[in-house]
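Presented below is the structure to which this report refers.
The values are calculated or read from the model by the stated rules, or taken from the named source; none is laboratory data. Please read these numbers as outputs of a predicted model, since none were measured by experiment. Cβ placement follows ideal geometry from the backbone for every residue including glycine, while neighbour counts extend to all protein chains displayed.
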């Protein structure tokens with residue numbers, strides 16, 4: 001499998017604070033890697049290094065087989081970036097923004113209206129971005145990231161603080177781009193989003209990657225798979241957790257069933273957040 | 001480096017960037033100051049330069065001169081009358097056209113024109129009169145008239161008036177508004193609004209972005225410089241003045257880019273301007289107070305812009321006199337370019 005993004009022992013520190021501590025990872029072609037971590041974990045610094053805004057102080061990055069230190073402009077011509085911070089030209093309309101950025105990519109003709117439709121952003125032609133809601137701006141940022149038909153997308157907290165409709169629109173676009181073969185680096189502290197979208201997730205905390213794997217593998221390997229049974233005992237409702245790995249689980253179920261009246265029972269898997277806490281001792285949000 | 005990307009960024013900034021209230025104020029200030037100075041010290045509605053003419057021959061040149069609207073003509077009857085008109089300052093310049101001047105010029109022979117010049121007359125008025133006379137003579141001898149001016153100065157050479165002393169300051173302000181504040185405000189504004197990071201992840205290089213901001217500043221500054229010079233009657237010798245304005249605008253644009261790269265917010269930019277701005281305008285003090293040791297003025301880079309403006313506009317100096325100052329200015333441009341690539345490394349962090 002072609003490694004579209006390859007980071008080897010990259011590090012970056014602000015003054016004396018090590019924000020990213022010699023991390024290594026790769027992303028295969030057409031894959032979505034969810035980069036999970038709480039605020040200040042090093043997600044944005046990592047993405048800034050990958051897109052060339054920061055030069056790694058140690059290590060090496062290659063994107064699409066090109067070294068970011070040597071062929072940055074060639075790389076930037078083939079990537080799309082959606083920032084966490086809204087950095088649009090607010091005094092321009094959505095279409096003017098898209099046309100301006102298209103001109104920087106050397107694209108003379110763009111179907112701005114189709115791009116806006118793609119991200120479900122229906123606005124007046126001359127409406128200034130300054131009057132847009134946060135969700136509308138985020139969708140426009142997403143449209144801007146797609147302006148050059150990028151092979152690689154870098155999305156920094158693309159649904160952070162969005163209403164459910166806007167968040168869904170953004171997620172749909174991400175999945176659509178993946179379908180088309182784009183490779184996507186997604187940073188988020190929303191574990192539900194990461195679970196839904198990512199082929200693999202990496203946990204980053206205090207600048208270090210704790211683990212990197214598919215959500216299913218992580219849940220299987222590190223999650224506690226249990227069966228919860230609720231039954232009635234002397235008029236009270238009792239709840240009991242049984243491990244699915246326990247050899248005596250069936251015997252215990254039979255025992256409860258013979259003596260008591262079972263109200264309900266269901267299996268429960270660990271969430272990515274549970275696993276993150278297990279690895280880092282920190283919660284994902286905040 | 002892509003010219004089309006530079007042009008795209010410039011186009012955007014020119015169409016939307018100068019809406020910044022601070023930049024608009026900076027651009028308007030030299031015009032406001034010009035209006036204030038002109039109103040207080042006169043000059044805005046100054047009359048046209050006056051040329052007294054005595055044509056010994058048939059008056060063909062006078063009739064041609066009278067068609068020209070740049071100067072007023074007094075038709076004198078004798079050389080004595082010319083002398084008197086200039087002495088009593090009813091005319092800035094008096095000229096005597098010899099007999100058969102038309103034939104002499106047409107034959108391609110050299111003609112000597114005796115001129116009386118009022119020492120108190122403005123240099124720009126003298127320049128306008130000389131240019132007008134040459135234009136009329138050229139219409140008589142299109143191949144190029146061979147003219148030698150025999151100049152007799154009447155009275156003392158005048159000292160500098162307030163308007164003339166302030167001219168370099170006003171032009172500097174105009175150039176500063178466009179070339180220094182333009183790139184600085186746009187760059188810091190782009191950093192504050194984070195739009196600079198959006199630009200930096202496109203194929204546009206830092207050099208292209210800075211070049212776009214810088215060129216835009218230079219264009220604005222040259223226009224501002226010309227406007228201020230025109231409003232103050234200092235627009236003389238365009239072939240020399242335009243290169244001077246371009247060089248000084250490039251120098252100021254470099255300072256603007258350095259300031260824009262070094263600071264991250266507009267408040268800090270303006271605070272620093274209050275502190276360091278005096279260094280830019282300091283040479284003006286040495287123009288106002290000519291008895292101060294003039295070598296001190298030469299320490300300041302802007303001296304090599306303000307002094308040539310004064311010499312060209314007011315004294316009518318040419319390349320031979322101010323050429324070395326333009327070369328020093330070019331040296332400063334090279335010197336102040338050096339820190340820009342180093343500071344640019346911080347962009348986007």
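Which condition number in (1) closer than 30 Å to residue A:149 by Cβ; (2) out of contact with any helix residue (DSSP H, G or I) (no Cβ under 7 Å at 6 or more places or on another chain) is the one that residue A:244 fails? Just one mismatch for residue A:244, condition (1). Only helices (runs of 4 or more DSSP H) whose full extent lies in segment B:56-135 are considered here, and the ones with at least 1 residues that are in contact with a helix residue (DSSP H, G or I) (Cβ under 6 Å, 6 or more places away or on another chain) are B:60-67, B:101-106. Mind counting the residues in segment B:190-211 that are more than 10 Å from chain A (Cβ to nearest Cβ) and over 16 Å from residue B:258 (Cβ atoms)? Number of matching residues: 1. Among what's in segment B:22-35 and is modelled with pLDDT of 80 or more and surrounded by fewer than 19 Cβ atoms within 10 Å (Cβ to Cβ), pick the residue that is nearest to the other protein chains (Cβ to nearest Cβ). Within segment B:22-35, the match that is nearest to the other protein chains (Cβ to nearest Cβ) is B:24. Scan segment B:36-56 for residues that are closer than 16 Å to residue B:70 by Cβ, at pLDDT 80 or above and surrounded by fewer than 19 Cβ atoms within 10 Å (Cβ to Cβ) and jot them down. B:48, the sole residue that qualifies.
Per-residue answers, yes or no, for (1) exposed (fewer than 15 other Cβ atoms within 10 Å of the Cβ); (2) within 14 Å of chain B (Cβ to nearest Cβ); (3) under 16 Å from residue B:202 (Cβ atoms):
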position	(1), (2), (3)
A:96	no, yes, yes
A:101	no, yes, yes
A:116	no, no, no
A:130	yes, yes, no
A:154	no, yes, yes
A:165	yes, no, no
A:172	yes, no, no
A:185	no, yes, no
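Residues in segment A:71-86 that are in contact (Cβ under 8 Å) with a residue 24 or more places away in the chain, within 7 Å of another protein chain (Cβ to nearest Cβ) and surrounded by fewer than 19 Cβ atoms within 10 Å (Cβ to Cβ): A:77 alone. Criterion first (within 10 Å of chain B (Cβ to nearest Cβ), crowded, with 17+ Cβ neighbours inside 10 Å, closer than 18 Å to residue B:345 by Cβ and touching a residue at least 40 places away in the same chain (Cβ under 8 Å)) does residue A:54 satisfy it? Against the criterion (within 10 Å of chain B (Cβ to nearest Cβ), crowded, with 17+ Cβ neighbours inside 10 Å, closer than 18 Å to residue B:345 by Cβ and touching a residue at least 40 places away in the same chain (Cβ under 8 Å)), residue A:54 qualifies.
No other residue among A:245, A:240 is in contact (Cβ under 8 Å) with a residue 12 or more places away in the chain, part of a loop (DSSP other than H, G, I, E, B) and not assigned by TED's automatic domain parsing to the domain that holds residue A:203 apart from A:245. When A:197, A:242, A:218 are screened for being surrounded by 18 or more Cβ atoms within 10 Å (Cβ to Cβ) and more than 25 Å from residue A:1 (Cβ to Cβ), only A:242 passes. Applying the condition of being in contact (Cβ under 8 Å) with a residue 40 or more places away in the chain and surrounded by 20 or more Cβ atoms within 10 Å (Cβ to Cβ) to segment B:311-328 and asking which residue is farthest from residue B:174 (Cα to Cα) yields B:322. Screening A:158, A:150 for residues that are within 12 Å of the chain's Cα centre (by Cα), in a loop (DSSP other than H, G, I, E, B), touching a residue at least 24 places away in the same chain (Cβ under 8 Å) and within 30 Å of residue A:100 (Cβ to Cβ) leaves exactly one candidate, A:158. The helices (runs of 4 or more DSSP H) found wholly in segment B:227-310 and carrying at least 2 residues that are surrounded by fewer than 22 Cβ atoms within 10 Å (Cβ to Cβ), in contact (Cβ under 8 Å) with a residue 24 or more places away in the chain and within 23 Å of the chain's Cα centre (by Cα) occupy B:238-262, B:266-288. Only one of the numbered conditions (1) surrounded by 17 or more Cβ atoms within 10 Å (Cβ to Cβ); (2) farther than 17 Å from residue A:18 by Cα; (3) more than 10 Å from every other protein chain (Cβ to nearest Cβ) is not met by residue A:46, and that is (2).
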